[in-house]
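A short write-up of the structure that comes next.
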Amino acid sequence: MSQKNLFYSQNADVFAEVIVPIPVPGTFHYKVPAGLTPFIRPGSRVMVPFGTKKILTGVVAALSEEFNGNQKLRTIIECLDDEPHINEKQLKVFQWMADYYMSTLGEVLNAALPSGLKLSSESFLQLHPYFETGIFTEAEQILIDRLQKSDTLSFSEARTMLNSKSDLKILQKLIDKEVILVFEQVKDRFTAKKKKCIRLNESKYLEKAALQELMEQLEDKPTQLEVLLAYLREVAVLQNQALNDAGFEKKLLVKKGISPSSLRTLIKKGVFVEFDKVVPRIEFGDDYQQAELTLSDVQNKAQSDILEQFERKQTVLLHGVTGSGKTEIYISLIRQVLDSGRQVLFLLPEIAITTQMVTRLRKIFGNAMGVYHSKYSDNERVEVWKGMVYGRLSFVMGVRSSVLLPFDDLGLIIIDEEHESSFKQYDPNPRYNARDVAQVLARVHDAKVLMGSATPSMESYFLAEGGKFGLVELHKRYGNATLPQMEMADLSAERKAKSMKGDFSTLLVNRIEEALSRKEQVIVFQNRRGYAHIMQCQDCGWIPDCHSCAVSLTYHMHRNHLKCHYCGHMEKVPYACPSCGSTRLGMKGFGTEKIEDDLKILFPEIRIQRMDLDTTRSKYSYQKILEDFEQGEIDILVGTQMISKGLHFDNVSLVGAFDADRMLHFPDFRATERTFQLLTQVSGRAGRSEKEGRVVIQSSNPAQEILSLIANHDYKTFYQRELQDRYEYGYPPYYRIIKILLRHKNEKSCEDAAQAFSEKLHHDFSDLMISEVHEPMVARIRNLYYRQILIKISRQHTGLGSVKSHIIALGRSLYQYKDYRQVQIIYDVDPY
């Protein structure tokens, strides 16, 4: 157990304020039983009863000997930690997140804790003690028969077994008839990793004489004797009997060439004992290498400037062109902080970048570095969390959720590709931006923040120019590498000349042929997955729509199905139009899947791989694709935005970019900024070594000014022009935005509630810019209708906190009306 809490006297009543991971405002008070008083501290995980039947994992926010409420308090069931798993600094950050992002502390806690650290109760079924046989429906009898055989059944298993839309009614009827009982059972989601090991039976064969006798007995059984000798070669029990306790991994012994069946025989005979050994999924340690890291003069100057500005600023923005060597500066600064005894957090926007960066940094920092992202299993994430709690880990690299880890002495936060929208959590609550949370995290720890990007976000560069952030710039690529040469393919002209090859311009095809002839690699970028965006009847114009969402279905050729990218609904491709019966069904638009197929037709002998959400669903799929590309086993890599940033390949000399026009004209005030960022970033994958890089951007209007700025790598001019538009139309960085979404299964209820909310907002906030109620881009998802209200608040506004509190109060006031009680209200602060 943990060190005893000496603050409270043994006889005093102690009360705990507990955060429970549910979307309900506030905290909950519980009485601490006398037996747990010495061990429970703020940050400890505790099991608490909640509602009528549930048991949940909560976290103690505070302890007190006084409770001023009148209600009778329930009692904490158990303390789960020998050391608190949440620290005081985390609790401060969690509270800030709840307040700023208009969510609840419970939602923040739920987002922070890996599932393996959240024990909960699950409903189970058993036959009622007074159950008597009778007449039951077929479905009821199936469930009863199963319970008679297995005693208990989980609620979810019972529903799956019944496989009926009325499964809940069936269960409720059986409960009402006193045929079954429902009870709660606590389940622990974390399971330790184990490996099968063997050791000699210590009660019989550890002594030298006994071993000699055993060998003589096995002389006429050579395969069994070889098993024994193989074990003795690996575990020197004759020299040190204590080594037998640890044993040897069974799988590794089999790999030595012994007979598995002979090993099983010796286990049955009692010569060997088989046992499970708990092993860590992740090795921790301070074994990072002091390998030589040579910074160029330019990098040394940039590092000195960063350190000098850290003397005066908490945050510094490192604006360096693609391939300028920002990573080497990061590594140098990480080493300095780790050597000082403090912790480091390295934030990356994408798992794809994490994969390549992990390989690179693991060679330097070894097991001193932990990795934390969603492709890791929940058990692995628990081990990283516990590695921090128990001080075994001082450096973490991860995606946005890493800001919620239990750092206790953070010295440096690095945010690479800080402009990336992937740092924003869009669903569910809290809808936070890790880049902004990192600023608060740094303040709490008195740490420094270094943000790096070749295309900084408008907000970050605005704050740097205004003096709130420091600013350091790298204008040239590292070493002898130069920025790629940009070419624009005029699709309008090529279509008129009928020189297009499918969706490929002649210019792009020629450049691919040239690169391949030099044995160089190519990246092709299209920020849309799938085969075709739309399937359409060429006679009546019918387009297949999702039945649950207000969007068309995307065609995926390799699986030959239509899929909704919002709810996941899939259906078979129709043979004929269900509207008019025509078999003339055509495709419009194109995604990565179609580009991959077209390339295979254009270049049949070339090795082509696609990298998008559909091909990277498994844990190591990113790593496998990137390793194959890096080792030259792939000639052309086709991908979405996950290939556009942070990746380094020496042999890539050409990048082709599709669909620039669609990105530019996307209905979003950030469309121009994101197009500049995406095309600049993906272009930066070309020519990162001494080979000259080239980029071909396909557009129907290549004369657009934004494409000229991208071609000239002119971020400053782009920033100044975009800033003027933002000021004129009232967008960030001059204004903050709060998006209010209302959703309900009934469209009229949703619309009416939104209009009522809008009237309240306009009445109480005459000084704010409040939009009228409108439909979002997709107005129906998973059979729920959506309405939206946007509120713009000037950065000069001094009462942001009170404005948010009042908006929440107005939202809650809607629930006094019966018609609106089932309408969900979602607040999204800084949504874009």
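The values are calculated or read from the model by the stated rules, or taken from the named source; none is laboratory data. Keep in mind the model is a prediction, meaning the values are calculated, not measured. For neighbour counting, all protein chains shown are included, and Cβ atoms are generated from backbone atoms with ideal geometry for every residue, glycine included. For accessibility, only protein heavy atoms count, side chains too; no ligands or nucleic acids. Shrake-Rupley method; radii C 1.70, N 1.55, O 1.52, S 1.80 Å.
Of the residues His556, His533, only one is open to solvent by 40 Å² or more (accessible area, probe 1.4 Å) and at pLDDT below 90; which?
Unique residue meeting the criteria: His533.
Looking at segment 801-821 only, could you name the residues that are farther than 19 Å from His744 by Cβ and not aliphatic (A, V, I, L, M)?
The answer is Gly801, Ser802, Lys804, Ser805, His806.
Pairs only if they're at least six apart or on different chains, beta carbon under 7 angstrom, first in segment 149-160 and assigned to a helix (DSSP H, G or I), second surrounded by 11 or more Cβ atoms within 10 Å (Cβ to Cβ); list them, first residue then second.
From residues that are assigned to a helix (DSSP H, G or I), the pairs are Phe155/Glu122; Phe155/Ser123; Phe155/Phe124; Phe155/Leu125; Ala158/Leu125; Ala158/Leu143; Ala158/Leu171; Arg159/Asp167.
Residues in segment 712-735 that are assigned to a helix (DSSP H, G or I) and open to solvent by less than 30 Å² (accessible area, probe 1.4 Å): how many? It would help to see each step written out before you state the result.
In the first step, residues of segment 712-735 are kept if they are assigned to a helix (DSSP H, G or I); the result is 715-729.
Imposing the further condition that a residue be open to solvent by less than 30 Å² (accessible area, probe 1.4 Å) reduces the set to 715, 718-719, 722-723, 726.
Going through segment 712-735 one residue at a time, the tally reaches 6.
Looking at Arg721, Arg812, Arg736, Arg821, which one is charged (D, E, K, R), out of contact with any Asp or Glu (no Cβ under 6 Å at 6 or more places or on another chain) and touching a residue at least 40 places away in the same chain (Cβ under 8 Å)?
Details: Arg721 fails: touching a residue at least 40 places away in the same chain (Cβ under 8 Å); Arg812 fails: touching a residue at least 40 places away in the same chain (Cβ under 8 Å); Arg821 fails: touching a residue at least 40 places away in the same chain (Cβ under 8 Å).
Exactly one of Arg721, Arg812, Arg736, Arg821 is charged (D, E, K, R), out of contact with any Asp or Glu (no Cβ under 6 Å at 6 or more places or on another chain) and touching a residue at least 40 places away in the same chain (Cβ under 8 Å), namely Arg736.
Before we move on, is Arg688 open to solvent by 40 Å² or more (accessible area, probe 1.4 Å), closer than 22 Å to Leu508 by Cβ, modelled with pLDDT under 90 and part of a helix (DSSP H, G or I)?
Details: open to solvent by 40 Å² or more (accessible area, probe 1.4 Å): yes; closer than 22 Å to Leu508 by Cβ: yes; modelled with pLDDT under 90: yes; part of a helix (DSSP H, G or I): no.
Taking the combined requirement at face value, the residue does not satisfy it.
Open to solvent by 40 Å² or more (accessible area, probe 1.4 Å), charged (D, E, K, R) and part of a strand (DSSP E or B): which single residue out of Lys31, Lys92 fits that description?
Numbers: Lys92 fails: part of a strand (DSSP E or B).
The match here is Lys31.
Hey, does segment 393-409 have a residue that's part of a helix (DSSP H, G or I), open to solvent by 20 Å² or more (accessible area, probe 1.4 Å), in contact (Cβ under 8 Å) with a residue 40 or more places away in the chain and hydroxyl-bearing (Ser, Thr, Tyr)?
Filtering segment 393-409 for residues part of a helix (DSSP H, G or I) gives 400-404.
Now narrow it down to the ones that are open to solvent by 20 Å² or more (accessible area, probe 1.4 Å): 400-401.
Still in the list and also in contact (Cβ under 8 Å) with a residue 40 or more places away in the chain: 400-401.
If we keep only those that are hydroxyl-bearing (Ser, Thr, Tyr) too, we end up with 401.
There is at least one residue in segment 393-409 that is part of a helix (DSSP H, G or I), open to solvent by 20 Å² or more (accessible area, probe 1.4 Å), in contact (Cβ under 8 Å) with a residue 40 or more places away in the chain and hydroxyl-bearing (Ser, Thr, Tyr).
Is it true that some residue in segment 667-683 is over 21 Å from His774 (Cβ atoms), touching a helix residue (DSSP H, G or I) at 6+ places or on another chain (Cβ under 7 Å) and assigned to a loop (DSSP other than H, G, I, E, B)?
No, segment 667-683 contains no residue that is over 21 Å from His774 (Cβ atoms), touching a helix residue (DSSP H, G or I) at 6+ places or on another chain (Cβ under 7 Å) and assigned to a loop (DSSP other than H, G, I, E, B).
Looking at segment 769-809 only, could you name the residues that are modelled with pLDDT of 95 or more, more than 23 Å from Glu728 (Cβ to Cβ) and open to solvent by less than 20 Å² (accessible area, probe 1.4 Å)?
Result: Arg787, Val803, Lys804, Ile807.
Quick one: count up the residues across segment 692-726 that are of a type in the set (Ser, Thr, Tyr) and either closer than 29 Å to Glu513 by Cα or in contact with a strand residue (DSSP E or B) (Cβ under 7 Å, 6 or more places away or on another chain) (or both).
Restricting attention to segment 692-726, the residues satisfying the condition of being of a type in the set (Ser, Thr, Tyr) are 699-700, 708, 715, 717, 719.
From what is left, the residues that are either closer than 29 Å to Glu513 by Cα or in contact with a strand residue (DSSP E or B) (Cβ under 7 Å, 6 or more places away or on another chain) (or both) are 699-700, 708.
Total meeting the criteria: 3.
What are the residues in segment 574-622 that are among the aliphatic types (A, V, I, L, M), open to solvent by 40 Å² or more (accessible area, probe 1.4 Å) and out of contact with any Ser or Thr (no Cβ under 9 Å at 6 or more places or on another chain), if any?
Step one: of segment 574-622, the residues among the aliphatic types (A, V, I, L, M) are 576, 585, 587, 595, 599, 601-602, 606, 608, 611, 613.
Now drop any that are not open to solvent by 40 Å² or more (accessible area, probe 1.4 Å), which leaves 587, 601-602, 606, 613.
Once the filter is applied, which keeps residues that are among the aliphatic types (A, V, I, L, M), open to solvent by 40 Å² or more (accessible area, probe 1.4 Å) and out of contact with any Ser or Thr (no Cβ under 9 Å at 6 or more places or on another chain), segment 574-622 yields Met587, Ile601, Leu602, Ile606.
Looking only at segment 743-758, count every residue that is under 25 Å from Tyr729 (Cβ atoms) and open to solvent by 70 Å² or more (accessible area, probe 1.4 Å) and tell me the total.
0
Considering only residues that are more than 17 Å from Arg812 (Cα to Cα) and among the aliphatic types (A, V, I, L, M), which ones fall in segment 742-771?
Correct list: Leu768, Met769, Ile770.
Got a number for residues in segment 466-479 being within 18 Å of Glu308 (Cβ to Cβ) and either touching a Leu at 6+ places or on another chain (Cβ under 6 Å) or open to solvent by 20 Å² or more (accessible area, probe 1.4 Å) (or both)?
Restricting attention to segment 466-479, the residues satisfying the condition of being within 18 Å of Glu308 (Cβ to Cβ) are 467-474.
This time we only want the ones that are either touching a Leu at 6+ places or on another chain (Cβ under 6 Å) or open to solvent by 20 Å² or more (accessible area, probe 1.4 Å) (or both), so: 467-469, 471-473.
Count: 6.
Can you name every residue in segment 500-538 that is in contact with a Leu (Cβ under 9 Å, 6 or more places away or on another chain), assigned to a loop (DSSP other than H, G, I, E, B) and free of Cβ contacts under 8 Å to residues at least 60 places away in the same chain?
Once the filter is applied, which keeps residues that are in contact with a Leu (Cβ under 9 Å, 6 or more places away or on another chain), assigned to a loop (DSSP other than H, G, I, E, B) and free of Cβ contacts under 8 Å to residues at least 60 places away in the same chain, segment 500-538 yields Met500, Gln538.
Regarding Ser304, is this residue surrounded by 14 or more Cβ atoms within 10 Å (Cβ to Cβ), assigned to a helix (DSSP H, G or I) and either at pLDDT 90 or above or touching a helix residue (DSSP H, G or I) at 6+ places or on another chain (Cβ under 7 Å) (or both)? Full working, then the answer.
Working: surrounded by 14 or more Cβ atoms within 10 Å (Cβ to Cβ): no; assigned to a helix (DSSP H, G or I): yes; either at pLDDT 90 or above or touching a helix residue (DSSP H, G or I) at 6+ places or on another chain (Cβ under 7 Å) (or both): yes.
The answer is no for Ser304.
Quick one: is Arg694 closer than 17 Å to Ser457 by Cβ and either without any contact (Cβ under 8 Å) to a residue 24 or more places away in the chain or crowded, with 19+ Cβ neighbours inside 10 Å (or both)? First the steps, then the outcome.
Values: closer than 17 Å to Ser457 by Cβ: no; either without any contact (Cβ under 8 Å) to a residue 24 or more places away in the chain or crowded, with 19+ Cβ neighbours inside 10 Å (or both): yes.
No, not satisfied.
Considering only residues that are open to solvent by less than 40 Å² (accessible area, probe 1.4 Å), small (Gly, Ala, Ser) and assigned to a helix (DSSP H, G or I), which ones fall in segment 253-269?
Scanning segment 253-269 gives a single hit, Ser262.
Which residues, counting only those in segment 426-457, are among the polar types (S, T, N, Q), open to solvent by less than 10 Å² (accessible area, probe 1.4 Å), in contact with an Asp or Glu (Cβ under 7 Å, 6 or more places away or on another chain) and part of a loop (DSSP other than H, G, I, E, B)?
To start, the set of residues in segment 426-457 that are among the polar types (S, T, N, Q) comprises 429, 433, 439, 453, 455, 457.
Among the residues that remain, those that are also open to solvent by less than 10 Å² (accessible area, probe 1.4 Å) are: 453, 455, 457.
Retained after the next criterion (residues that are in contact with an Asp or Glu (Cβ under 7 Å, 6 or more places away or on another chain)): 453, 457.
Answer for segment 426-457, where residues must be among the polar types (S, T, N, Q), open to solvent by less than 10 Å² (accessible area, probe 1.4 Å), in contact with an Asp or Glu (Cβ under 7 Å, 6 or more places away or on another chain) and part of a loop (DSSP other than H, G, I, E, B): just Ser457.
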